[in-house]
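The values are calculated or read from the model by the stated rules, or taken from the named source; none is laboratory data. Everything quoted here is computed from the prediction, not taken from an experiment. Quick reminder, even Gly has a Cβ in these numbers, built from the backbone with ideal geometry, and neighbours come from all protein chains shown. Protein only, heavy atoms only, side chains kept; ligands, DNA and RNA dropped before computing areas. Shrake-Rupley method; radii C 1.70, N 1.55, O 1.52, S 1.80 Å.
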Amino acid sequence: MKKLEDIERMSFEELEKVSLDGGVSSPEGFGERLEGAVAGLAAAGEGVKTKGVRLRTAAYSLAGAAMAAVLMLLVLGRPGTPADSFDDPLLAYAEVQKSFSLISEKMSKTTELVLEASSEMNKPKEIIDKITK
């Protein structure tokens, strides 16, 4: 069974390969690259309309796709029973809770970055509106 740190380091191409064959290891720095990509989209303002609605939608879509990829990797990562599976259901549940907590924390950070960026992106529009009035 792959560790969460290994999954976070994977590129999108590698996640796709893993979903097909399960034989690819995770690259380092995946979480940072994902946060950077979301922050880059927010800073670039791609698809931003009124009040950053499209930006938030894109960020939530990206976060949902990343979550779906992680879940697919966990479910389809290795065929059969993993060698390091838990015998005690409570230990397994605790590990799942820990993983979901970490995922939630990372998603919260990403959402905060998107919200900060969207407020910064609205400032030039507000300045232009003040000047043109």
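Would you check if M107 is open to solvent by 60 Å² or more (accessible area, probe 1.4 Å), in contact with a helix residue (DSSP H, G or I) (Cβ under 7 Å, 6 or more places away or on another chain), modelled with pLDDT under 90 and within 19 Å of L4 (Cα to Cα)? Judged against the criteria, M107 is not a match. When region 15-53 is limited to residues that are within 28 Å of A94 (Cβ to Cβ) and in a helix (DSSP H, G or I), the one that is modelled with the highest pLDDT turns out to be E35.
Pairing each residue of region 73-98 that is over 21 Å from E16 (Cβ atoms) with any residue that is modelled with pLDDT of 70 or more and among the small types (G, A, S), provided the two are 6+ apart or on different chains, yields C-beta distances under 7 Å for F86/A92. Per the conditions (1) open to solvent by less than 50 Å² (accessible area, probe 1.4 Å); (2) closer than 19 Å to K3 by Cβ; (3) at pLDDT below 80, the sole criterion not satisfied by A92 is (3).
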